[in-house]
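Inspection log for the structure reproduced underneath, given as structure tokens.
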Amino acid sequence: MSFIPGEDAELLRTVVRDFLAKRSAEDEVRRLMDSAEGFDQSAWTQAAAGIGLQGLVIPERLGGAGATPVELGLVFEEMGAALYCGPFLATVGLAATALLAAGDEAARAAYLPGIAAGTTIATLAWSGPAPADSSLRAARDGAGWSVTGTAAVVVDGAAADLVLAAARTGPGISLFAVDGAAPGLHRTALATMDQTRKLATLTFDRAPADLVGAEGAAGAALRRAYDLALLYLAAEQLGGAGRVLSTAVEYAKTRVQFGRPIGSFQAVKHRCADMLVDLESARSVVYHGLWTAVHEPDGLPAAAALAGAVASDAFQDLAAQNIQLHGGIGFTWEHSAHLYLKRAKSSQLLLGAPVRHRARLFELLNGSQLPRPATAAPDEPAGDSAVDTGVDSAVDSALDEAVTRFLHDHPVPDRADRAADRAFREARFDAGLAVVSHAAGFGGRGLDPAQQAAVEERFTRAGAADHTARNVIGLGMALPTVYAHGTTEQKERFLRPCFSGEEIWCQLFSEPGAGSDLAALATRAVRDGDDFVVNGQKVWTSLGHVAAWGILLARTDPEVPKHKGLTYFLLDMRTPGVEVRPLRQLTGEAEFNEVYLTGVRIPARNVLGEVGQGWRVAMTTLANERASLGGRAVRRGEGPAGQAMAAYRDAVAGGRVDPRVDGALTERLMLLWTRAEAARLTNARAGARPGQGPGPEGSIAKLQMAELNKAAYELCVDLAGSAGLLIDSYAQTAPDFAAVHGGDDVRKAYLRSLANSIEGGTSEVQRTIIGERVLGLPGEPRLDRDIPWQDTPRS
């Protein structure tokens, strides 16, 4: 099962969105936020009677629909987008959730039907950082109980017909039901920053109460209720963040300054691109958290803390950026921007600040380890089974059976035995398990590309070596491009040896005068009979010193605009006239190369695609390049962020870090870890969408990878203490590409990571791609778009 909400949930989203468009438009929100009640009773009743929102997760026997937190999360997301004014978080997200978690059937039967019917407004009250830590007190009072103490901030506390109070008795924390009109319960409405959500202080002065569940046994139920409420609030924040971004983008498209839309300015475009990255990170952790609540409840505390931290920060940042992008109009009372900012800031603090959620997540990671799902393999961290295909289960079963049968017939070879590993990969290709979306005979089975992640996971768990780094360009760029644009003969010739690692590939795109502006390249290819003769220079060519083949982009027609006169070639690197010169980089290794092409003859049969149509073919390569660089599947806790966590633990063990003193360092680590986990889940979500190959969204993954790698390895160096001043000897060659990408020396890894935001398209270019091709912002004026290449100025 994919953690992306399914079709039924999306249908519910449509219904809720339509309801809110009619009952929670901006003018209605403004009217209600100025009213004493803060919500429209008729809309509340319609939500319950018309579409059953209050009873969505309540069992059918108690008047509800028996749905799951996944569906309820989407309701909260839509309510967040519309700034819905109503006691939904209090009644459904807090009170009903606590009643369901408590397991008291009599209390459920007494209170949940009224909540489902919309006749009961309820809330949960506590004093302290979380319900299970509440300092309210309860004592026996005759035949019953009474509650004493003050809950300083209670969501919709003034309107509640039913107050559930988390209070302490002798045996521990308990849950009590207090009638909203009970004597001894005093309510004081609070003046709130966010006028769309009503808060109150509730004072209990021996207020009569009924015990829910067993005395002193509510701790687990309250912790689960809190975690679910945190997820629902995060879903609401996600909805608000999405609405804020769409508002900002729409304004940037239409607001004209200096003679053009402000969205065409790079500074605005890049700001919007970063907002989208934050939004998609929030979406991933929220959807995964809701999935976890249903399918892996033991992983709920970590998933909720992650969602609470990431979504809170994302909404707050996007809401503030929205005001900045709107300029003066965004700072007026009449514009909606301030309403979302105030909701964002208030929500960020409502159930605990993000720094608190990160601290809790740190304790889960370093105290009792993250729980593993019951269905996971022994080495599979919690949550990873959510990274699944989301396609037809019968197809999944058949594919799983095929992988199982293959591994039975082909034992995984020793990783150090490259010849045996190559034979293993050749057999995998022949079995159609190389790239399952490829057609039969070309390494696949004609299945949905979303299933590839599950296949790779199975092979990884079986111990099969991953040689992506050794042939990163071949597997990530050449193979998918040849399959997409190659002739049958080209596919038969190149796909199998590329996948097996028999032939290493390099990329011959960049030139001294054509880096990010790839179409400005000057390398010429002139037709001569059955060959093309190529002359020029390429630079920054990774693996050029070990590659057997290269993907080459060259100019075949200088008389047309620069994007139209290019042709894509497959070049045998052993051809006379190809000279590879290593470039020593700042790490000391020579992983990059410059390649000189002098009278190099390439057979016309090695043109990929059509002559003059190389730009279209190159776009396939670049899309796959971004996906391969930024979207490599990793397990939770692996990769650079995992190395940073390990470095922190080593630093603590070695006495270089004291968690009691170095709190800022711990916060820095957890900011990095949560960003990395959000990026991992975003990659998994993108890979689980049926029928979709890499598109411009791959720029999000590539951008995240570049920034995270730098931050992670720099932290590793900082944690090394005085050892961070040193480095292994500066070797001038790197015979194995993998050594400089995953070697043991984090100091060199830090230096190498500085290239991540340059290679494969700079981070600035990725932001422009996201702004224009994902968000639809207008492009900047181009002076060279329709000018023949030979007339354009070149450096």
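The values are calculated or read from the model by the stated rules, or taken from the named source; none is laboratory data. All values derive from a computational prediction rather than experimental measurement. Because the Cβ atoms are built from the backbone with ideal geometry, glycine has one as well, and the counts that use them run over all protein chains shown. Areas reflect the complete protein model, heavy atoms only, side chains present, ligands, DNA and RNA absent. Shrake-Rupley method; radii C 1.70, N 1.55, O 1.52, S 1.80 Å.
Quick rundown of the values:
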{"item": "Helix 418-430 axis, angle to the chain major axis (alpha carbon atoms, nearest 10°)", "result": "70"}
{"item": "Between helix 663-687 and the chain: long-axis angle, C-alpha atoms, 0 to 90°, nearest 10", "result": "70"}
{"item": "Convex hull volume per residue for region 260-354, taking Cα atoms only, in Å³", "result": "100"}
{"item": "Pairs from Lys269/Lys538; Lys269/Lys345; Lys345/Lys702 whose Cα-Cα separation, in the structure shown, is over 28 Å", "result": "Lys269/Lys538; Lys345/Lys702"}
{"item": "The chain - charge dipole about Cα centre, Lys and Arg +1 at Cβ, Asp and Glu -1, debye rounded to 20", "result": "1140"}
{"item": "Stretchable slack from Ser35 to Ala469, in nm (0.36 nm times residue separation minus alpha-carbon distance)", "result": "150.1 nm"}
{"item": "Ala152-Ala189 pseudo-label distance in nm [points 7 Å out on the Cα-to-Cβ vector]", "result": "2.2"}
{"item": "Anchor Lys342: lysines whose Cα lies under 24 Å away (excluding residues fewer than 8 positions away in-chain)", "result": "Lys22, Lys198"}
{"item": "Kirkwood-type radius of region 534-660, with distances r between different C-alpha atoms, in Å", "result": "17.9"}
{"item": "Top positive-direction residue, dipole computed over the chain with Cβ charges, set Ser542, Leu608, Ala423", "result": "Ser542"}
{"item": "FRET efficiency, 1/(1 + (r/R0)^6) with R0 51 Å, evaluated for Arg668 and Trp333 via beta carbons", "result": "0.85"}
{"item": "Distance (nanometres) between label positions extended 7 Å along Cα→Cβ at Thr598 and Thr68", "result": "6.5"}
{"item": "Partners for Lys748 among lysines (Cα-Cα distance below 17 Å; same-chain residues under 8 apart left out)", "result": "Lys710"}
{"item": "Value at 222 nm in deg cm²/dmol, rounded to 500, when DSSP H runs of n ≥ 4 in the chain each add -39,500 (n - 2.57)", "result": "-14500 deg cm²/dmol"}
{"item": "Residue-normalised accessible area of the chain, given per residue in Å² at a 1.4 Å probe", "result": "40"}
{"item": "Per-selection metrics, the chain (Cα): Rg and Dmax in Å", "result": "29.4, 105"}
{"item": "Contour excess over end-to-end distance, with Cα ends at Ala182 and Gln46 and 0.36 nm allotted per residue", "result": "46.2 nm"}
{"item": "10 Å-binned pair-distance histogram of region 468-512 (Cα, whole percent)", "result": "29, 53, 16, 2"}
{"item": "Whole-Å semi-axes of region 1-148's equivalent ellipsoid (Cα gyration tensor)", "result": "28, 20, 15"}
{"item": "Residue-wise HN-Hα coupling along region 159-175, computed from phi with Karplus coefficients 6.51, -1.76, 1.60 (Hz; x: Gly, Pro)", "result": "9, 5, 7, 9, 10, 8, 10, 8, 9, 8, 10, x, x, x, 7, 9, 10"}
{"item": "Cα shape, region 100-258, gyration tensor, a/c 1.5 rule", "result": "prolate"}
{"item": "Whole-percent pair-distance distribution, where bins are 5 Å wide, for the alpha carbons of region 120-191", "result": "4, 18, 29, 27, 16, 6, 1, 0"}
{"item": "Farthest toward positive dipole pole in the chain [+1 Lys/Arg, -1 Asp/Glu at C-beta], among Pro354, Tyr648, Phe331", "result": "Phe331"}
{"item": "Asp141-Ala440 pseudo-label distance in nm [points 7 Å out on the Cα-to-Cβ vector]", "result": "7.6"}
